[in-house]
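The values are calculated or read from the model by the stated rules, or taken from the named source; none is laboratory data. Treat the numbers as computed from the prediction; the structure is a model and nothing was measured. Glycine also receives a Cβ, built like all others from the backbone with ideal geometry; neighbour counts cover every protein chain displayed.
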2 protein chains.
Amino acid sequence: MSEQPDTTEFDAAELDAAALDAADELAACRKNFLLDDGTVYLDGNSLGALPRSVPARLADVVEREWGSLLIRSWSESGWWDAPERTGDRIAPLVGAAEGQVVVGDSTSVNVFKAVVAAVRIAREETAAGRPARTEILVDAATFPTDGYVAASAARMTGAAVRAVPAAEMAAAAGPTTAAALVNHVDYRTGELHDLAAATAGVHRAGGRIVWDVCHSAGALPVELDASGADFAVGCTYKYLNGGPGAPAFLYVRRELQPRFDSPLPGWTSHRDPFAMASGYEPAEGAARGRVGTPDILSMLALEEALGVWDGVGMEAVRRKSLALTDFFMARVRAHVPEGRLTSLTPEAHERRGSQVSLLCEGELEAEAERVMAALHERGVVGDFRRPGVLRFGFTPLYTSFADAERAAAALGDAVRAVESER
Amino acid sequence: MSEQPDTTEFDAAELDAAALDAADELAACRKNFLLDDGTVYLDGNSLGALPRSVPARLADVVEREWGSLLIRSWSESGWWDAPERTGDRIAPLVGAAEGQVVVGDSTSVNVFKAVVAAVRIAREETAAGRPARTEILVDAATFPTDGYVAASAARMTGAAVRAVPAAEMAAAAGPTTAAALVNHVDYRTGELHDLAAATAGVHRAGGRIVWDVCHSAGALPVELDASGADFAVGCTYKYLNGGPGAPAFLYVRRELQPRFDSPLPGWTSHRDPFAMASGYEPAEGAARGRVGTPDILSMLALEEALGVWDGVGMEAVRRKSLALTDFFMARVRAHVPEGRLTSLTPEAHERRGSQVSLLCEGELEAEAERVMAALHERGVVGDFRRPGVLRFGFTPLYTSFADAERAAAALGDAVRAVESER
């Protein structure tokens, strides 16, 4: 992935956090979040922190737009267009030109729309006499919901799912492949997959590809337009800080939009919703991905939250993300006794997302949940995934090198504390 | 529908609004809403008014639960269980015992889950040698999204949709009927359909029935358990006042839950979500209707909004709703010149929901949108539906008889004003 900068020219273990923070080009972004300085929050890969301006904006949405203007707000407060407008705020963060991203529903529901639509397009494109496209390839290490939903999409389109490691997706695609569903960053290990290469491989086989960018959107450059990706689905409550369970987004490549045949054709994606026509005629553009009435409170909180990206370049985010994760990995080696933790996250920059996943080894594996609890007691928040995985998310807009140093030191303490209780 | 009280013993036209308001057993409920006393809001059938306690609760959810507790709130603030907990708050309002209602997603998405699941159950129950169940009956006057989604469900299950008037659903169901999808109250005319009779008719034919209770939940008694309904879907932003685009709810009859085979199996409806297992094993109970990560900001706003129902009986709501709509219809006859408006809403109580829909006649039909605009200028908010329909929703918790009187008088003025501009 040649577009990724190779930035870590320092030996992270030898530098101190204060010097790195002093040189941090994104340091000023932290003030845009409401954070407790007593806590090191390394779980932004699960739930992003609260942007400072969201409470006041949401109060205004509730009290004035809902409470006073009521139904008039659908037009006067811009509620009706919020799914496309918010989508256009996300678009530049995922390498998409405007008009291709729409916000609404959950990630799971959007995976269903995208996978079914991808299968339909691939079949429509397959010439008579060619093998039937009966297969949906799914990233073998996928976040579970993608696999469950892909299986349902397969069942309902007469296809079958085959699990394939993400790195082998391009090679695995063949003449019976209708669609592939791949996670850009593995939620468990933090491994980054090559979006352009897998897309090209699936396209060579005549299939269509759906990317799950939940763990990359807002964490690193996602080149949807440039890579030729067909569909992408992402969540907004991780690195996009939209709030718990905030609505997800769906990217449909512009050239596919006229052929995007959604399995969830709701009234708000109708060409003329207020005609209340009995027959469905889909809208043009990103709006075709809409289904029911948009969830305004959550959507407008998200829209406000996206303001923290104003003036922030994703290349700078990537530089800091890699520096933070390099530094944290080095400081973990310095603070934690040897042989206790193994990194599941690749060392190579081009294969790393913005989290570090550490596997507890030996006797510590069964104690991993207690290690994470001991870390929480020390004011460091990461999360635990069975079996034995400690996950730490690094969110360049608000995580400092001092946070990473403190977390690594606390992790050493926590491991020793748990071991001393045996 | 013998369970509906026949309450209007007065001649509404002869009574004055003040006397009716003085005798209103629900008058005290209005103070639980933030309303502008200068406006008569008769659009609660589209977007319910703001319950007074919601802004402070939502501020606490955002600032403390999200901002301070962050990821801990999934357990400590009860976020994870909110879909079932909020469902159990709605259950008594729709005649359901606990454990059968779950909140999440939009109405459209829930219609998809319910219709596909209904088809699957009906087919599974059909003995070998019997005709294939290839038909989904859909209320011919349905809200559009139901029809579009039913068509998609039909396409994806190898069935076909047939449109049937709601009142004829029981008679239309036959040996090839897999499922029927019916609106309890027609969104356009306000006509109330007989839930128990249609359910019994579809069951006699061996099919399963899905009710759309968007325009009845919170407006009148909905006897889901007692009627034997299989599935129901409803929205929460109309008579339940949950806020714009608030998440919808799904009722799955308890005895069907073990066979509820959702087309949208997301990770949060897995039996053990945090096992992150690659194979889907559905949860028991209402949770099986979940899909992705629940939308917490909107869901907790809704949960708080449901507090306005504490101590309110649905029979009292129904008594007031019928009295209000009787009164309004009578006062419209008194205030509006003859021959201009025809009620699309049935006079008979057992066929009336909680709205009044008036069709503009003759020359006025083309001017209906201007009539509604003139009403808005006079501080009365209803809504307009093409072609020529003026809709007025009556929400017994906050609409007064004085509101109805003022609206009828303003409607007379508005009609005269529009006519004078010809």
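Observations on the model:
- Residue count for the range A:136-152 satisfying the condition of being out of contact with any Pro (no Cβ under 8 Å at 6 or more places or on another chain) and among the small types (Gly, Ala, Ser): 2.
- Residue in the range B:37-55 that is nearest to the other protein chains (Cβ to nearest Cβ), counting only those that are aliphatic (A, V, I, L, M) and in a strand (DSSP E or B): B:LEU50
- Yes/no for A:TRP66 being over 26 Å from A:VAL381 (Cβ atoms) and either in contact with a Phe, Trp or Tyr (Cβ under 7 Å, 6 or more places away or on another chain) or more than 9 Å from every other protein chain (Cβ to nearest Cβ) (or both): no
- Subset of the range B:138-169 (residues that are facing chain A (nearest Cβ under 9 Å) and of a type in the set (Lys, Arg)): B:ARG155
- Flag for A:LEU58 being away from every other protein chain (no Cβ under 12 Å) and either crowded, with 22+ Cβ neighbours inside 10 Å or outside any helix (DSSP H, G or I) (or both): no
- Under the condition of being of a type in the set (A, V, I, L, M), under 28 Å from B:GLY292 (Cα atoms) and more than 14 Å from chain B (Cβ to nearest Cβ), the residues counted in the range A:110-136 number 4.
- Residue, farthest from the other protein chains (Cβ to nearest Cβ), within the range B:69-98, restricted to residues that are under 14 Å from B:GLY285 (Cβ atoms) and touching a Lys or Arg at 6+ places or on another chain (Cβ under 8 Å): B:ALA97
- Criterion: surrounded by 17 or more Cβ atoms within 10 Å (Cβ to Cβ), free of Cβ contacts under 8 Å to residues at least 60 places away in the same chain, at the interface with chain A (Cβ under 10 Å from one of its Cβ atoms) and farther than 30 Å from A:ARG57 by Cβ - qualifying residue of B:PRO273, B:PRO263: B:PRO273
- In the range A:302-341, the residues that are farther than 12 Å from A:LEU397 by Cβ and among the acidic types (Asp, Glu): A:GLU303, A:GLU304, A:GLU315, A:ASP326, A:GLU338
Table: residues versus (1) crowded, with 24+ Cβ neighbours inside 10 Å; (2) under 24 Å from A:VAL116 (Cβ atoms); (3) within 13 Å of the chain's Cα centre (by Cα); (4) not β-branched (Val, Ile, Thr).
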| site | (1), (2), (3), (4) |
| --- | --- |
| A:ALA178 | yes, yes, no, yes |
| A:LEU181 | yes, yes, no, yes |
| A:TYR187 | yes, yes, yes, yes |
| A:ASP194 | no, no, no, yes |
| A:ALA197 | no, no, no, yes |
| A:GLY206 | no, yes, no, yes |
| A:SER216 | yes, yes, yes, yes |
| A:ALA219 | yes, no, yes, yes |
| A:ASP225 | no, yes, no, yes |
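- Pairs with Cβ under 7 Å, 6+ apart, first in the range A:126-137 and over 17 Å from A:ALA172 (Cβ atoms), second modelled with pLDDT of 95 or more and assigned to a loop (DSSP other than H, G, I, E, B): A:THR126/A:ARG133; A:THR126/A:GLY206; A:ARG130/A:PRO175; A:ALA132/A:THR176
- The sole residue among A:SER343, A:SER321, A:SER400 that is under 17 Å from the mean Cα position of the chain (by Cα), among the small types (Gly, Ala, Ser) and either at positive phi or not assigned by TED's automatic domain parsing to the domain that holds A:LEU93 (or both) is A:SER321.
- Qualifying residue in the range A:227-238 (condition: more than 9 Å from chain B (Cβ to nearest Cβ), in contact (Cβ under 8 Å) with a residue 24 or more places away in the chain and within 23 Å of A:PRO55 (Cα to Cα)): yes
- Of the criteria (1) out of contact with any Pro (no Cβ under 7 Å at 6 or more places or on another chain); (2) surrounded by 19 or more Cβ atoms within 10 Å (Cβ to Cβ), which one B:VAL308 fails: (1)
- Meets criteria (of a type in the set (Ser, Thr, Tyr) and in a helix (DSSP H, G or I)) for B:THR142: no
- In the range B:199-214, residue nearest to B:ALA96 (Cα to Cα) [restricted to those that are assigned to a loop (DSSP other than H, G, I, E, B) and either basic (Lys, Arg) or out of contact with any His (no Cβ under 7 Å at 6 or more places or on another chain) (or both)]: B:CYS214
- The listed residues are A:PRO273, A:PRO247, and the only one of them that is over 25 Å from A:GLU350 (Cα atoms) and in contact with a Gly (Cβ under 8 Å, 6 or more places away or on another chain) turns out to be A:PRO247.
- The sole residue among B:VAL381, B:VAL332, B:VAL356 that is within 19 Å of A:ARG72 (Cα to Cα) and in contact (Cβ under 8 Å) with a residue 40 or more places away in the chain is B:VAL381.
- Check on A:PRO258, in a loop (DSSP other than H, G, I, E, B), out of contact with any Lys or Arg (no Cβ under 7 Å at 6 or more places or on another chain) and not charged (D, E, K, R): no
- All strands (runs of 3 or more DSSP E) inside the range A:317-422 with 2 or more residues being touching a helix residue (DSSP H, G or I) at 6+ places or on another chain (Cβ under 6 Å) and more than 14 Å from chain B (Cβ to nearest Cβ): A:355-360
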